[in-house]
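Student: My questions will all concern the structure given below.
The values are calculated or read from the model by the stated rules, or taken from the named source; none is laboratory data. Treat the numbers as computed from the prediction; the structure is a model and nothing was measured. Using ideal geometry, Cβ is built from the backbone for each residue, glycine included, and neighbour counts are taken over all protein chains shown. Just the protein is used for accessible areas: all its heavy atoms, side chains included, with ligands, DNA and RNA removed. Shrake-Rupley method; radii C 1.70, N 1.55, O 1.52, S 1.80 Å.
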Amino acid sequence: MRDEIRPNPLKPRWSKVFADLWVDKTRTGLVAASIAVGVFAIGMILTAYMILKDDINLSYASTNPANIEIWTDPFDENLLRIIKEISGVGTVESRFIITVRAKENNKNWQSLQLIGVDDFEKSQINQLEIIDGVKKPDTSEVVVSQDLLNFTGFEVGDEIEINLPDGARHFLKVAGLIVDQTTAEPDPGIIPNGYITLETMRSLGIGEYANHLFITVVGNGGDSELIAEIANHVEDLFDRNKLEIYRIDEALSTEHPMSDTLLAVIGVLGALGGLVTILSSSLIINMLNSLLTQQLRQIGVMKLIGGRSFQILGMYLTLIVAYSIIALLVAVPLGTIAGNALAGYIASMLGAVLQGYRIVPVSIIVQLLVAFLVPLGAGFFPVNQGAKTNVRRAISNYRPNFLSSGKNILNRSGQWVQWISRPILMSFRNTFRQKRRLILTIFTLTISGAVFIAVFNVRSSMNNMMDQLMQHFMGDVTINFNHPYQVNLIERSLLTAIPEIDGIEGWGGTGAEIWDKNDDLVTGLSISAPPQDTQLLELDLLAGRWFGADEQNTLVISDSIYNIYPDLEIGDRLIVKIPGNLEESWEVVGIFRFVDMFGDPMAYANFDIISEKVNLPRQTTSFRVITDKHTASAQLELVQKIDQFLVERNFAVKSVESGASLQESAALGINTLIIFLLIMALLTAFVGSIGLTGTMSINVLERTREIGVMRTIGAVDKLIMQSVIIEALVIGFITWVLAIGISFPISKVLLDIIGKTMAGSDMRLTFNYYGLLLWLAVVIVLSLVSSIMPAQKAAKLTINEVLAYE
C-alpha cells in the first residue's frame, strides 16, 4: 500500500527556516549558546540586584537598628528617662558591653563581645534572628552571632570558656546561634557578639551597670537631619552630666550600611554582563555571514523563481528570532535560579533575610529585549546585504575574500618561509583567508582574555592595597592588654623568654579632634602612635617625610585630610585637641596615601609624645611583635607560645592575634568580590570559546573542496587535523598577545570603580603575571577543544562528500 503524501501546510520559505534550524544542529547550538550566555549574565545580575536592592534594606530595617549608638562611661536609669523626653526620640535602650576572650575546649582564644540585655522579650532595638537553638539564653548561657564574615565555629550545646579582663575564667553554654546584622561587615575590627542576661552578668561578677546607649528616632529612621539634631542634644546632655562619650555613631534605619557598596559591586558585574552580550553579538554576525555565504546560491535560486528581497530578509530574520527563542528557553530559567542564588549568598554574608525565592519581572523583560533586539540588530546588516544580492552574483561561483590574496605576507616572504612545512604554511595562510571573520573572532577572544587577565590584576591590586592597609593595624603578632603596661617590661619579658621574637614595639594612640580658628569642631582625628624608629611601616608618602625623634607636635596625616582642607601643604599647622589636653597647634610634616572607608582622617605621631599627653608615659595596651617567620603556621605557633607565657604570669591579656589571621579576615570580602568577577571572566571566556569553535567549523566547511584535494594527493587524517588545530592555535596566540595590552585599561577602569565604591579612594594598579600565564594555558586548551570537533569532521570527509559539496 502506497503511503499517502501529505502536503506541507507551511510556505516553502518557512519550511526552509525550520530545515536550517534542524539540519545544522552544531550551528544552531553555537548561535543559541552565544545569545544565551549574554542573556543569562544579564538575567542573573539584574535578578540579584533587584532582590538585594529591596530585601537588604527591608531586612535591616526589620531589626529596628539604632539610629544613634553611644559608647560612654557607666550611667544609671535616670539618664534614660531624660533622653526619652527629648522631642523626636523613639526608643531608648541601655546595655552593658565588654570584650572578653572565648574558646571551646583546646582551640585557640578568640575575641567575643559580651552584651548584657535587661529583658530579651521587651528589647526592641537591634532585633535578632534565630539560626539554631533559642534566642533568649538562661542563666550561665549565651547566644552567639554568626555569619559568613564573622564565624566563631561555636555550635549549640558547646561549653565555652570565657576569660574576663580581670583574668577571671567562667564557663557558658551556647544556647543558640543568631544573626546580628549590626556585625555583618568585612571589617577586622568588628567581632562577633555574645548575648547574656543580667543574671548571668551578676554570676560573672560584672555587675548590672550600662555603658552603651542605643537610640531610635520617631518615624522610619530615614531622616538624617533629625538623627543629627537628636545626637547633638544627647551630647549636650552628657556634657552637663559630666559623662565622657568615647564614640558616637549615627545611621539610617532604612539603609543597610553595606548596601551602597554591594549594589555598586553588582553594578560592576552588570557592566561585565553587558560586555558579554556585546561579545555574543559579534559571534552572531560571524555565524550569519558564514550562513549567507554558504547559501548564496540558494538565495539566487529563490530570487530566480520570484522571491523578493524583503521576503528573503524576513525569512532570515525569522531564523534569528528562532535562535533567540531557543536561547531564552535556556537562559531565563537559569538566570533566575542563578540570580536568586547570588542574592542569597550575598545576603548570608550580611546576615540579611530575603523575602523568599521569586521571579523578577523586570529581569525577564530585559532578557527578552536583549535576546531579540541584540541578535536582530547584529544580524540585520549582513542579512540585508545578503538578501539584496543579485541573481547573477548569487548563482555564480564567486565568493568574496575566499581565495587568499597574492599580496599575502606569506606569499611575499619567499625564502624566509621555505623552512616551514607546506601543511603548516597552509594553516597560517588559512588563518588570514577570511579577514572579516578573523577580526570578529579575534575581537571576541581578545576581550574575553583581557577581562580574564584584568580580574587577576584587580585581585593583585586589591591584595596589595590590603597589605598596605593592614600594616597600619598589625605586626606579625599583635598583643592587646586590658590595661597598660610599661614598654620596657613587655620587651624584657618576651624577648628573653621566646627566641623566635626579633623585636617588640609598643604602639599607642588616641582619638582627637581638629578645630578651626573660630573654635568650631571640624572633624575627628584618629592618631596612631608608633615608635619614631618603627620597623613595621612603609608608608606611601605623597608629600613630606616621617616625623623626627626630637620633634614636638608633628603629624604625618592621611590624604583623606584633603577632603576637608584641599589646599593643605607640608608645613601647615592644624589645631588639634586631645582628650584631657588643651587645643594645640600641630605641624603637618607628611601626607600618606590611605583609604576613605574608615571615616575620620588618620594620623601618626611620636609614641613618646602621645603617651605623655594621655598620662601614660612609656605605657600602652597594644604591642606588635616582629619575627623573621611570616607564614600562617609559624605565626599561629608563636601566638600560642606568647599567650601561654603571658597568662601564666598573670598579664591581663585581651587578645593575641596573628597577622595572617587578621589578613585572612580582612581579605574575605575582597576574595568574595574576586570570585564574582572571575565568574564573569569565565563567562566571557565561554563566549570566546564559542566564537573560536564557530569560526573553525565555518572555515572547515568552506575548505571542503580543498580538503578533498589534499586527500587525493595523499594527505592522511592526522595531517588534516593538524592543519585545523594549528590554525586555531595561531588565532589563540594572536588574541593572547592582544589581550595583554587591552587588559591594562580594563584593569584600570575596574579598579577605579571598585576603589571608589569600596574604599572611597583610588588604588594603584598592580600587574599579575599569574593571570597572564593562566590565560595562555586557557587559550591553548580552548584552541584545542574548539578545533578538535571541526578537525575530526574534516578528517572524516570522503571524496564523494567533497564532490557533492556546493
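Student: Give, to the nearest whole percent, the P(r) tail of the range 559-624 beyond 13 angstrom, counting all Cα pairs.
Tutor: Percentage above 13 Å: 71.
Student: Please list, by residue number, every one of the GluC sites (Glu not before Pro) in the range 218-282 that is coil in DSSP and has at most 13 other beta-carbon atoms within 10 Å.
Tutor: Answer in residue order: Glu244.
Student: Let me ask something else. Using a basic spin-label model with each label point 7 Å from the Cα along Cα→Cβ, how many nm lie between Ile190 and Val218?
Tutor: 3.1
Student: Continuing with this model, one more query. Taking 0.36 nm per residue of sequence separation and subtracting the Cα-Cα distance, how much length would be gained by fully extending the chain between Asp236 and Val749, in nm to one decimal?
Tutor: Gain on stretching Asp236 to Val749: 180.1 nm.
Student: Starting from the residue with the highest accessible area, list Glu121, Glu587, Glu727 in decreasing order, probe 1.4 Å.
Tutor: Glu121, Glu587, Glu727
Student: Moving on. Can you give me the accessible area per residue for the range 232-384, using a 1.4 Å probe, in Å²?
Tutor: With all protein chains present, the range 232-384 gives 44 Å² per residue.
Student: Over the alpha-carbon set of the range 486-640, work out the extent along each principal axis and list the three values in angstrom, largest first.
Tutor: 53, 30, 26
Student: Can you give the direction-averaged projected area of the convex hull of the alpha-carbon atoms in the range 93-174, in nm²?
Tutor: Its average projected convex-hull area is 5.8 nm².
Student: Then there is this: Whole-Hz Karplus ³J(HN,Hα) for the range 642-652, in order, using 6.51 cos²θ - 1.76 cosθ + 1.60 and θ = phi - 60°, x for Gly and Pro?
Tutor: The phi angles translate into 5, 4, 4, 4, 5, 5, 4, 9, 6, 6, 7 Hz.
Student: How large is log10 I(q)/I(0) at q = 0.12, 0.15 Å⁻¹ when the Debye formula is applied to the Cα atoms of the range 13-132, each weighted equally and without solvent?
Tutor: Cα-only, vacuum Debye calculation for the range 13-132: -0.75, -0.96.
Student: Gain in length, Ile82 to Gln124, computed as 0.36 nm per residue apart minus the alpha-carbon separation, to one decimal in nm?
Tutor: Computed gain between Ile82 and Gln124 is 13.2 nm.
Student: How large is ³J(HN,Hα), in whole Hz, for each residue of the range 459-464 in order, when computed from phi with the Karplus curve 6.51 cos²θ - 1.76 cosθ + 1.60 and θ = phi - 60°, using x for Gly and Pro?
Tutor: Result, ordered by residue: 4, 5, 5, 5, 5, 5 Hz.
Student: Continuing with this model, one more query. Could you sort Val556, Val749 by their accessible area in this structure, using a 1.4 Å probe and putting the largest first?
Tutor: Val749, Val556
Student: Here is a further query. What nm value, rounded to one decimal, do you get for the distance between Ile439 and Asp249 when each label is placed 7 Å out toward the C-beta?
Tutor: In this crude label model, Ile439 to Asp249 measures out at 5.6 nm.
Student: Something else now. Can you work out D for the range 504-548 in µm² s⁻¹ from Stokes-Einstein, where Rh is the Kirkwood radius over C-alpha pairs, the temperature is 25 °C and the viscosity is 0.890 mPa s?
Tutor: Stokes-Einstein gives a translational diffusion coefficient of 189 µm²/s.
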